[in-house]
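Some notes on the structure that comes next.
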Amino acid sequence: MMSALRFNSMHFMPYAHLPANQKDHKSLWVDFSNKHYDPDKGHDLYQRYLKELVLADQLGFDAVVVNEHHNTVYSMMPAPNLIAAAIIPQTKNVRICVWGTPPNLMMPNRLAEEYAMLDVMSGGRLEVAFPLGTGMEYWANPANPATARDRFKESLKIILQAWHEDGPTKHFGQHYTYRFLNPWPRPMQKPNPPCYIVGTGSPETIEIAAQLGFGYASVFVTKARAKELNESLRERAAHYGFTIRPEQLPILNFVYVAETQERAEQEYIPHLQRFFEDYLRTSPQYLAPPGYLSVDQLKVRAAAADKMHGGFNFEMLNQAFFISVGTPEKVANDMGSWCDEMQTTHLNCVTHVADMPHWKAVKNLTLLAEEVFPRLRSRTGAGQRIAAE
Amino acid sequence: MGKFQRETLTVDGVKTVVYTAGSGEPLVFFHGAGTVDGHDFAEAWTDKFKVIVPYHPGFGESGDDPTFTDLHDYVMHYLELFDMMKLDRFNLVGLSLGGYLAAKFASEHSHRIRKLALIAPAGILDDQHPMADILAIPGEQIPGMLVSNFDVLKKRLPEKPDLDFIGDRYREATTTARLLWEHPIDPKFTRHLRRITVPTMILWGDEDKLIPVQQTETWRKFLPKADIQVFKGAGHLVHLEKPEAVAAIGKFLG
């Protein structure tokens, strides 16, 4: 028997007004000039995106998810805790997931404090995921990519110490010194809000999640790879005496629902194409600053990049990644099979991409909540096929 | 002309490969942040000197030590290596990052150096003529920035960069990032240069696209007695482009 399914609505909050010549830019991250950012347009987008997050609560989603990126049109959330703080008083039930701030980009005590604030403010609704941060973040912030993994581990230790032990405590490490680690407030959820590591599945980060008994949210990996990563986390966590529960393995997925298959594809695919072609576009150098990857991983990724030819291919992406576009029946069926295949109960749905207009986001959220999730919530266990199939 | 012999030593746990050729007064060469330039140019010195070319930890054929996060870690590494090799006093030649290291070593241990030669050394803070940010230059653009005449470098590069070549360069960039990502320049470095009391030569190509030749003026300020020689039509790797630069070093040290 598996526990009840859980549905998140994840929002990247992109800056959706790309200049006409944007294709001339090799990367829309790191060095894409902020002269292209118009605060008036940004204001309208924030208003709109906040509404979409709040709507997810009103429609009965289980969680909303925000994350952090810098120097890019991909995301207007260099400080996701600000967004979390803005939506907490406007929502009642949803879990507030900050997935999350790379600990290397903030002083660890400060991150422990901000997360504790959000947890207390929301009455214990916070969930956090710790990313190492994409390679791009290391070009934008004063943190050394070549020592990032060591620093990351030390940060996590400090944050957990701050949450778990009565202060003041001390920490004398390689990267940080704390003489009085004693942050007020402390989280409401004990011993800590649910924690995940989020990443693209390097063996080093899987190991960190396993050691701490954290969940692992793999992002931008293929279905086949996500399955391997989940299996690897279960196995490594068992080695450290932890049993990974299904809800600790969220599936990042891209879904869009409409009345008919044809209409769904027509309404959604152009935005998905712009998401992959433009909003995600960056250079190999920005993806892998010196030392961010091991030399072996760098070679694996360079070889994979070499094989990717041609432009956007929906059929290929649809096959490889967790993407479902279509009628409520189709999307529900796909989601159900993903859960069975991945042995998880946790669906982290990206409900808005790229320059999708507000009405489509509202339509998608509404149809997911009213037509798709009820079909799945009636499932009582893994492997059970839904009636519509 | 002597043929280089390869030797592998373990220096405080780090595999260190050293190439040695020739006989005479010892001459140690410190390579820069990349190792594509090789060391065959140094054969010209072997008829007068015992030429010793070590690979720094994290570069070329030597092993890695991720705990090396500061140039001083390399000074300590070389103190240990030179003790093992029973090198008491020697000539020291350094290129680029290796020039920075050679100058730092000499400022701390001047009594162990006979003469010092620096080829387009890094390490100087010059707001008017700053060094290019090598860690931020896309890999494929770096070769073109190293020389004025690309032909001298072309034969040392694969026709199309293969995975091993890309991996090797990434490893050397990783090692360099550990040292320089957060602090590309140590503002205290020049303060101690006055402690270099041995004859010093500084060589530069006037078309250096990585470290501008105008930095020679700053070096002159800190090392007023240094013999500064600028080679016309040469880029950063002046030792590859101008055999007369290599000969000038031999003459200066001899």
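The values are calculated or read from the model by the stated rules, or taken from the named source; none is laboratory data. Since we're looking at a predicted model, the values are computed, not measured. In this analysis, Cβ positions are derived from the backbone assuming ideal geometry, glycine residues included, and neighbour counts consider all displayed protein chains.
For the range B:78-88, indicate whether the set of residues that are of a type in the set (Asp, Glu) and at pLDDT below 95 is non-empty. Looking for residues that are of a type in the set (Asp, Glu) and at pLDDT below 95, one finds none in the range B:78-88, hence no.
What do you reckon, is residue B:97 within 14 Å of another protein chain (Cβ to nearest Cβ), surrounded by 19 or more Cβ atoms within 10 Å (Cβ to Cβ) and of a type outside the set (Ser, Thr, Tyr)? The answer is yes for residue B:97. Among the residues of the range B:187-213 satisfying the criterion of being outside any loop (DSSP other than H, G, I, E, B) and among the charged types (D, E, K, R), which is nearest to the other protein chains (Cβ to nearest Cβ)? So the residue we want is B:191. Within the range B:109-118, is there a residue that is away from chain A (no Cβ under 14 Å), surrounded by fewer than 24 Cβ atoms within 10 Å (Cβ to Cβ) and under 26 Å from residue B:170 (Cα atoms)? Checked against the condition, which is being away from chain A (no Cβ under 14 Å), surrounded by fewer than 24 Cβ atoms within 10 Å (Cβ to Cβ) and under 26 Å from residue B:170 (Cα atoms), the range B:109-118 yields no hits at all. If the condition is being assigned to a loop (DSSP other than H, G, I, E, B) and either touching a residue at least 40 places away in the same chain (Cβ under 8 Å) or among the polar types (S, T, N, Q) (or both), then the range B:133-143 contributes only B:133. Among the residues making up the range B:22-45, those that are among the aromatic types (Phe, Trp, Tyr) and crowded, with 22+ Cβ neighbours inside 10 Å are B:29, B:30, B:45.
What number of residues within the range A:180-201 satisfy the criterion of being in contact (Cβ under 8 Å) with a residue 24 or more places away in the chain and under 16 Å from the mean Cα position of the chain (by Cα)?
Number of matching residues: 7.
May I ask you to verify whether residue B:157 is part of a helix (DSSP H, G or I), surrounded by fewer than 22 Cβ atoms within 10 Å (Cβ to Cβ) and either away from chain A (no Cβ under 14 Å) or at pLDDT below 95 (or both)? Taking the combined requirement at face value, the residue does not satisfy it.
Among the residues of the range B:224-245, the ones that are buried (at least 20 other Cβ atoms within 10 Å of the Cβ) and not basic (Lys, Arg) come to 10 in all. Checking every residue in the range A:80-89 against the condition of being within 20 Å of residue A:357 (Cα to Cα) and either aromatic (Phe, Trp, Tyr) or surrounded by fewer than 16 Cβ atoms within 10 Å (Cβ to Cβ) (or both) gives zero matches. Of all positions in the range A:77-86, none carries a residue that is touching a Leu at 6+ places or on another chain (Cβ under 9 Å), assigned to a strand (DSSP E or B) and farther than 23 Å from residue A:369 by Cα.
Of the numbered criteria (1) within 14 Å of chain B (Cβ to nearest Cβ); (2) touching a His at 6+ places or on another chain (Cβ under 6 Å); (3) of a type in the set (A, V, I, L, M), the one residue A:158 fails is (1). Scanning the range B:164-186 for residues that are closer than 18 Å to residue A:175 by Cα, at the interface with chain A (Cβ under 7 Å from one of its Cβ atoms) and in a helix (DSSP H, G or I) returns B:177, B:178.
In the range A:295-326, the qualifying residues are those that are in contact (Cβ under 8 Å) with a residue 12 or more places away in the chain and under 14 Å from residue B:163 (Cα atoms), and the one that is nearest to the other protein chains (Cβ to nearest Cβ) is A:302. The number of residues in the range B:35-59 that are in contact (Cβ under 8 Å) with a residue 60 or more places away in the chain and in a loop (DSSP other than H, G, I, E, B) comes to 9. Selection over the range B:175-200 of residues that are over 16 Å from residue B:105 (Cβ atoms) and surrounded by 14 or more Cβ atoms within 10 Å (Cβ to Cβ) gives a count of 8. Can you find a residue in the range B:144-153 that is under 30 Å from residue B:186 (Cα atoms) and either in a loop (DSSP other than H, G, I, E, B) or at the interface with chain A (Cβ under 10 Å from one of its Cβ atoms) (or both)? Yes, the conditions are met somewhere in the range B:144-153. Within the range A:31-45, work out how many residues are within 22 Å of residue A:10 (Cβ to Cβ) and surrounded by 16 or more Cβ atoms within 10 Å (Cβ to Cβ). Result for the range A:31-45: 1.
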